[in-house]
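These notes are about the structure you will find just below.
All of the numbers you see were taken from the coordinates with simple rules; none came from a lab. Predicted, not measured: the structure shown is a model, and the values here were computed from it. As a convention, Cβ positions derive from the backbone with ideal geometry for all residues, glycine included, and neighbour counts pool all protein chains shown.
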2 protein chains.
Amino acid sequence: MTYPLHSVSGHLVAIGGAEDRTSDLAILKQVFALAPADSHEVAVIATASGIPDEVLPDYEAAFSRLGASRVHSLDIRDRQEAADADTVRLIEQSGVIFFTGGDQLRLTNVLGGSPTLKAIRSRLKGGAVVAGTSAGAAAMPGTMIYNGAAADALRKGAVNMTFGLGLVEGLIIDSHFLERGRFTRLMEVGASNPEHLGVGLGEDAGVIIHPHGILEAIGPGHVIIIDSRDLASSNIAELAMGEPVAVENMILHAMVSGHGFDVEARRYLVADELSAILAEKR
Amino acid sequence: MTYPLHSVSGHLVAIGGAEDRTSDLAILKQVFALAPADSHEVAVIATASGIPDEVLPDYEAAFSRLGASRVHSLDIRDRQEAADADTVRLIEQSGVIFFTGGDQLRLTNVLGGSPTLKAIRSRLKGGAVVAGTSAGAAAMPGTMIYNGAAADALRKGAVNMTFGLGLVEGLIIDSHFLERGRFTRLMEVGASNPEHLGVGLGEDAGVIIHPHGILEAIGPGHVIIIDSRDLASSNIAELAMGEPVAVENMILHAMVSGHGFDVEARRYLVADELSAILAEKR
C-alpha cells in the first residue's frame, strides 16, 4: 500500500530547529539511535550556518556524549570544498550525516550537484541516517521554501521556493513552524499544488521519515500536517501577485511524540497504530 | 436549513484589528452600510481601550466621513458608567454600535450584565449593526479567548477563556490571526470542544455575521475558518497541564472578501454561492 518516499534503506530525520543540544538530547539521541550497525561515525555539515564555529562544537560535544566513535565537523563553505575528495571520504564512512541550521539557500547553492551531495544520497540509500535541523530540514525535499512573508504568507507569491536537496519526495517541510506562525506558508504552497503533503515542524520537534512512507513524530514539540489533497477550490490561479489567496478545505493535524502519519494513505496514526505499522514493516 | 446564530434581525461585524480608519475605510464603510434605515447615529464604545482619547477621535472622524448623523464617543470606564441612563439612551438611539480594540477582559468585566449591554442586545435584536475590532470582535461570542501563549498555544491550558458578551453563539473568534500566528489557539479550543466553529480574523479583514447563520468575509485580509466538528481524535483529556496536544483531522479554510461560510451546514461558499444564498434570504 505505501510507497517509498525515497528509494533507500536509511532514515531521514527532519527537525524544526532549536532542538536540545546540551541537556537530555531527546531528539539527537533518537537520530543517533538510527545509525546503522556498521558505522557510528557522525558527519556534521555546517554549510547552512553563518556561525559554524559556534555551532559545530555543540554538535561535536552532543554526538560524542551519545557515543559517536568519531565526529567530523565539516564546514563546507563553497563549491570547491563540496568537491573535495577528503570530505567525500568522510561522508562515505559516516553512519550519521547531520545538517545544521542557517540558510537553506546556502545549503543548496553550495551542495547542489556536488560530489558531497552525491555521497550523502548514496549513504542514505545504503542505510545511513541523514538528519537536519531548521534550514537543514527545510532543504531535504525535492522542492523547498527558502523565504516567505512573516505575517500573512497566504498571498500569491509570498512564498519563495526552489529546488531542495532531493532526499525525499512528496513532502514540503517548514521549520520553526508554530513559533513563527508559518501556517499560511504551507497553505499557500498547498493551494499552488495540493499534491504534496505539508509538514510543519515545531521547535524541539522532529519527524523520522521511515523509508516505507511513514512519518513518526519525535521530541517535546509539535509536528503539524497540512494535507491539501482534498482541496475543493482556490482562487490562486486567477489572482495578481500579492492578492489574498482563498482556500477551501485543507486538513490539519497536530502530531506529538509517538504519533505518526502514513503519507500515501493520508492517514493519521495514533501511538498504537504507529507501533503496529512500524513493527509490521520491520 | 440554517439556524440563527443570534435571534435578531441586525448584523454583527467582527473585525480582526488594524482596519483602515483614515484612507478608503473599506471595512468601516461596509459596517455603516448595514445601519438600519431608521438610525444613522453611531455609538463608539472604547471601554476595551487603554488609550480611548487617541482612538475615539479616529472613529468619530471616520464615521462622520461615512455620513453618520451623529457619533457618540462612549468612554465607559467602569460599571457605574455602564449603568448610566444617558449612555443607555444613546445606545438606544444608535443604528451602529462599534466596539474598539484593547483588552476584551476589560470589556466583559465592565459591561457584563450591565444596562448598557442589555441595551446593545436589544438594539441588535431590533435591527442595529453591532461591530467590533480586535478585542471588540473576540468578545462577541458567548465564550471568548482573553489570553494565550504567543508561540505554541497547542498545549493544555495555554489558552485562557471565559464568558464573552453573548452576542453570538456557536463561534469562537480570534483576531490579529495571521499576523500573530494564532492558529494553535483555535486548534486548542477545537480540541477541548469540537462543536464550536473557530473564526480567525486577519488584520484589515472582517466577517459579517448574517442573522441566518451565514458568514461573509470583507476587507483586504483573510478570514480563516478552523472547523473541528469532524475531529477524529485528540489526547487532550489525558494530558497534564502544559503538555502538547495532539489533534487528528481539523478542517481549514481561508476566506477572502466576497466568500462566505454556512455555519450550520459547515459549507464554504465561493462568491457566486454566497451571493445566491444572501439574495434568497433577503
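Here A:51, A:91 are placed in order of increasing Cβ neighbour count within 10 Å, fewest first, which gives A:51, A:91. The separation of segment A:218-282 from segment B:209-229, counted between C-alpha centres, amounts to 23 Å. Once backbone amide H atoms are built at 1.01 Å from N, residue A:175 has A:201 as its partners under 5 Å, excluding neighbours fewer than 5 places away on the same chain. Projecting the Cα atoms of B:268, B:150, B:57 onto the charge dipole of the protein assembly as shown (Cβ charges, centred on the Cα centre) puts B:268 farthest toward the positive pole.
Annotation: the residues B:63, A:32, sorted from fewest to most other C-beta atoms within 10 Å of their own C-beta, follow the order A:32, B:63.
Shielding value for B:240-252 is 6, the average number of Cβ atoms from other chains within 10 Å of each residue's Cβ. What the Kirkwood sum gives for segment B:173-282 is a hydrodynamic radius of 14.6 Å, with every pair of different alpha carbons counted. For residue A:57, the label point sits 7 Å beyond Cα toward Cβ; its separations from the matching points on the remaining copies run 5.7 nm, from shortest to longest. Mean separation of Cα pairs under 8 Å and 6 or more residues apart, divided by the residue count, gives chain B a relative contact order of 20 percent. When the Cα gyration tensor is reduced to axis lengths a ≥ b ≥ c, the ratio a/c is 1.5 or higher for segment A:29-107, and with a/b not above b/c it is classed as oblate. Between segment A:109-172 and segment B:58-131, the C-alpha centres lie 53 angstrom from each other. Near the amide H of residue A:70, within less than 5 Å, lie the amide hydrogens of A:41, A:42, all on another chain or at least 5 residues away, with H placed in the peptide plane.
Relative to its residue count, the protein assembly as shown spans a Cα convex hull of 151 Å³ per residue. Taking a Cβ cut-off of under 14 Å around residue B:22, the surrounding Lys, Arg, Asp and Glu residues balance to a net charge of -4, with basic ones at +1 and acidic ones at -1.
Once backbone amide H atoms are built at 1.01 Å from N, residue A:147 has A:160 as its partners under 5 Å, excluding neighbours fewer than 5 places away on the same chain.
Shown for residue A:279: label points 7 Å from Cα along the beta-carbon vector, and their distances to the equivalent points in the other copies, 6.0 nm in ascending order. Total lysine pairs in segment A:5-281 at Cα distances under 29 Å, for residues eight or more apart or on different chains: 5. Taking Cβ atoms as reference points and 10 Å as the exclusive limit, the residues near residue A:43 contribute a net charge of 0, counting Lys and Arg as +1 and Asp and Glu as -1.
The calculated FRET efficiency for residue A:65 paired with residue B:143, based on their beta-carbon distance and R0 = 51 Å, is about 0.60. Residue of chain A with the Cβ closest to the rotation axis carrying A onto B, and that distance rounded to whole Å: A:181, 1. 3J(HN,Hα) along segment A:239-256, derived from phi through the Karplus expression 6.51 cos²θ - 1.76 cosθ + 1.60 where θ = phi - 60°, amounts to 7, 7, 4, x, 6, x, 8, 9, 9, 10, 6, 10, 10, 10, 10, 10, 9, 10 Hz, with x in place of Gly and Pro.
Taking a point 7 Å from the Cα of residue B:93 along the Cα-to-Cβ direction, the residues of segment B:39-68 with backbone N closer than 13 Å to it are B:39-43. When DSSP beta bridges are restricted to pairs lying wholly in segment A:5-281, around 60% turn out antiparallel. Legend: Rg and Dmax of chain B, from Cα coordinates, 18.0, 56 Å.
Of all DSSP beta bridges confined to the protein assembly as shown, the antiparallel ones make up roughly 60%. For segment B:205-273, GluC sites (Glu not before Pro) are listed when DSSP marks them as loop and at most 16 other Cβ atoms sit within 10 Å of their Cβ; the list is B:264.
Shielding value for A:201-210 is 1, the average number of Cβ atoms from other chains within 10 Å of each residue's Cβ.
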